[in-house]
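Since every read-out is calculated from the coordinates, none of them should be taken as a lab result. None of these values were measured; they are calculated from a predicted model. All Cβ positions, even for glycine, are placed from backbone atoms using ideal geometry, and neighbour counts span all protein chains on display.
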Amino acid sequence: MKAVNQALDNAWATIAYKYVDDAKAAEARLKLAECVLAVTRDGSHDADQIERLALMMFQISNGDTTSKSDL
């Protein structure tokens with residue numbers, strides 16, 4: 001669980017600046033949390049890997065075509 005929480009916090013820190021509206025930020029963080037949970041279904045415990053995959057899934061689900069380096 002520690003790796004999941006760390007991955008979510010780190011991933012959110014990467015994209016939080018994009019969400020200045022509190023309601024949109026809450027919605028985005030919830031969606032990101034769902035992505036984190038989705039990528040951990042395989043049993044992964046590596047926070048960095050979870051973060052990276054969750055951010056990719058989040059970008060894809062939002063139709064975002066920027067690369068991770070652009071985040």
Whole-Hz Karplus couplings 3J(HN,Hα) for segment 29-37, θ = phi - 60° and coefficients 6.51, -1.76, 1.60, Gly and Pro as x, run 5, 5, 5, 5, 4, 5, 5, 4, 5
Packing-ranked peptide list from 12-23, 36-47, 53-64, highest mean Cβ count within 10 angstrom first, is 53-64, 36-47, 12-23
Tell me which label goes with the value of Kirkwood radius over Cα pairs in Å computed from the coordinates here: [x] 13.1; [y] 14.6; [z] 12.0.
-> [z]
With Cβ to Cβ distances under 12 Å as the rule, what net charge do the other residues near ALA25 carry (K, R +1; D, E -1)?
-> +1
